Amino acid sequence: MQCALCRIKECVKGKNCSVIRYGLEYTGDNLKSIQISAWLESDGMKRTKLEEIAIYAKRLGYTKIGIAFCIEYEREAKLVYEILSRYFEVFSVCCKVCSFEKASLGIKKSEDQEFEAVCNPIGQAQLLNDDLTNLNIMLGLKTGYDILFAKYSEAPAITLPIEELPQLADPKIDVIE
């Protein structure tokens, strides 16, 4: 497939130009998920990504949300925690959790630091797995760390863009009730 190069986009009108012809049946949780996603897409109300995540999670009956965040975004993680904890049981885990030395991985550390901790995305995922979260939010995880976190997270994982967070001063998540 090369959809990025297609100028016609007849798929919007129902044409199937893929090799997938049959077998795409959405049932159970997948059906509910796609129904909620399609509703969010077509609703027309302008929402932040955090509002969408909260609505999605609430409508799927999720009760436990995890936040895996980069230590550089501790303030933003606290804000997201405070907002989501109005509606869910929220767990958060910093990237340096269970930290170990960069040098132990053969990575040169900064010369001015005696100990330089490497991020531990697998550890973050394992801790949120232990908390039995239903959905995990990645906040500011660097490339590679986010991939490892998503790979080891037992719950679905979604990225919340840092760029959106200044808009959260007056969240309008009340629509999830």
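Quick notes on this structure:
- In the condition set (1) without any contact (Cβ under 8 Å) to a residue 12 or more places away in the chain; (2) surrounded by 11 or more Cβ atoms within 10 Å (Cβ to Cβ); (3) of a type in the set (Lys, Arg), LYS9 is compliant with all but (2).
- For TYR87, the conditions (1) touching a helix residue (DSSP H, G or I) at 6+ places or on another chain (Cβ under 7 Å); (2) farther than 23 Å from ARG59 by Cβ all hold with the exception of (2).
- Residue match in the range 91-98 (condition: hydrophobic (A, V, I, L, M, F, W, C), surrounded by 19 or more Cβ atoms within 10 Å (Cβ to Cβ), under 14 Å from the mean Cα position of the chain (by Cα) and farther than 23 Å from SER33 by Cα): yes
- Residues in the range 128-152 that are of a type in the set (Gly, Ala, Ser) and either assigned to a helix (DSSP H, G or I) or without any contact (Cβ under 8 Å) to a residue 40 or more places away in the chain (or both): 2 in all.
- Taking the criterion of being of a type outside the set (Gly, Ala, Ser) and either within 21 Å of PRO156 (Cα to Cα) or exposed (fewer than 15 other Cβ atoms within 10 Å of the Cβ) (or both), the residues of the range 77-86 that qualify are LYS78, VAL80, TYR81, GLU82, ILE83, LEU84, ARG86.
- Residues in the range 55-68 include none that are surrounded by fewer than 20 Cβ atoms within 10 Å (Cβ to Cβ), of a type in the set (Gly, Ala, Ser), in contact with a helix residue (DSSP H, G or I) (Cβ under 9 Å, 6 or more places away or on another chain) and within 18 Å of LEU148 (Cβ to Cβ).
- Contact map, the range 78-89: residues that are at positive phi paired with residues that are loosely packed, with under 15 Cβ neighbours inside 10 Å and of a type outside the set (Asp, Glu), Cβ distance under 6 Å, separation 6+ or inter-chain. No pairs are found.
- Residue within the range 59-79 that is charged (D, E, K, R), under 15 Å from the mean Cα position of the chain (by Cα) and modelled with pLDDT of 90 or more present: yes
- Once the range 16-45 is narrowed to residues that are polar (S, T, N, Q) and not in a helix (DSSP H, G or I), the residue that is surrounded by the fewest Cβ atoms within 10 Å (Cβ to Cβ) is THR27.
- Selection count, the range 114-127, where residues are under 16 Å from the mean Cα position of the chain (by Cα) and either over 17 Å from LYS96 (Cβ atoms) or touching a residue at least 40 places away in the same chain (Cβ under 8 Å) (or both): 3
The values are calculated or read from the model by the stated rules, or taken from the named source; none is laboratory data. Note that the structure is a prediction, hence the values are computed from the model and not measured. Don't worry about glycine lacking a Cβ; one is built from the backbone with ideal geometry, like all the others, and counts go over all protein chains shown.
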